[in-house]
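Since the structure comes first, as structure tokens, the remarks are kept for the end.
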Amino acid sequence: MTARATVGNVDRQAYDLLSAPTVPVFDKAISHLTNAANHSKLSMGSAAVLALLGGRRGRHAAIIGIAAAGATSVIANLVVKPLAKRDRPVRADEHRDNSPLTSHHVPMPTSDSFPSGHTAAAFAFASAVAVVWPRASVAPFVLAGAVGYSRVHTGVHYPSDVILGGLLGASVGATLGRIYAVRSLRDGRG
């Protein structure tokens, strides 16, 4: 068995384990979380809180965070997904008997699976905030991790889509955060 096949098998086994239903109240909450992450709504809400409560530093963290989420979305959805062309997972309940979605599944997106754009954008936001205002980044990172998990649990991504999407987002977010920090120091705002 090739290394690629081995990784694919591990990815599928992890997907089967993580996307299985658990306790109904938890499953429903995770479905709501993954839907709330559509169009970076959770990051925008977090940015609003940072901007309202964090003064000047909070406003800067919010702006850079949203810019990072937006840039990452463009990279993930318009560059990487078309190049990778990875099919979405086939849910266990779908390939058995074409039964309807289980209570914790959300409708399958029509875009390619790799990378998880939701996870990438969430980690981009958190990573940019971490550079601008490190203490304020704990909640965004926890939320980004939860979004990533929700994408697998609701059956729309493989774990590797989420892990590599998170790394993509973290890289873009940290880069934009550092560019902002260097410019702030140069301009005497740091």
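The values are calculated or read from the model by the stated rules, or taken from the named source; none is laboratory data. Because the structure is predicted, anything quoted here is derived from the model rather than measured. Note that each Cβ is placed from the backbone with ideal geometry, even for glycine, and that neighbours are counted across all protein chains shown. Accessible surface areas use protein heavy atoms only, side chains included; no ligands, DNA or RNA. Shrake-Rupley method; radii C 1.70, N 1.55, O 1.52, S 1.80 Å.
Extension gain for R59-T2 works out to 15.6 nm (0.36 nm per residue, less the C-alpha to C-alpha distance).
When only the heavy atoms of the protein chains count and the probe is 1.4 Å, how do I75, I30, I63, I179 rank by accessible area, highest first? Display every interim value, and only then the final one.
Details: I75 60, I30 15, I63 110, I179 80 Å².
So the residues, ranked largest to smallest area, are I63, I179, I75, I30.
Applied to region 39-44, the Karplus parametrisation 6.51 cos²θ - 1.76 cosθ + 1.60 on θ = phi - 60° returns per-residue 3J(HN,Hα) values of 6, 6, 4, 5, 5, 5 Hz, with x for Gly and Pro.
Subtracting the Cα-Cα distance of D187 and A48 from their residue separation scaled by 0.36 nm leaves 47.5 nm.
Kirkwood analysis of the Cα pair distances in the chain returns a hydrodynamic radius of 17.1 Å. In the chain, taking the dipole from charged Cβ atoms about the Cα centre, the farthest positive-side position among A3, S184, V23 is held by S184.
Note on T175 and A139: with the Förster distance fixed at 30 Å, the Cβ-Cβ geometry gives a FRET efficiency of about 0.90. Between G155, G117, G58, the residue with the greatest mean-square fluctuation in the GNM of the chain (Cα pairs under 10 Å linked by springs) is G58. Under 5 Å between amide hydrogens, built in the peptide plane, is the criterion, and for F114 it picks out R86 among residues at least 5 positions away or on other chains. For region 1-57, the Kirkwood estimate of the hydrodynamic radius, built from every pair of different alpha carbons, is 14.7 Å. 3J(HN,Hα) along region 148-161, derived from phi through the Karplus expression 6.51 cos²θ - 1.76 cosθ + 1.60 where θ = phi - 60°, amounts to x, 4, 4, 5, 7, 4, 7, x, 9, 9, 6, x, 5, 4 Hz, with x in place of Gly and Pro. Take the Cα of N9, step 7 Å toward its Cβ, do the same at K28, and the gap between the two points is 4.0 nm.
So if each residue of separation counts as 0.36 nm, and I subtract the Cα-Cα distance between D16 and A36, what length gain in nm does that give?
Details: separation 20, 0.36 × 20 = 7.20 nm, distance 2.33 nm.
That works out to 4.9 nm of additional length.
Highest GNM mean-square fluctuation among V172, V80, V132, for the chain modelled with Cα contacts below 10 Å: V80.
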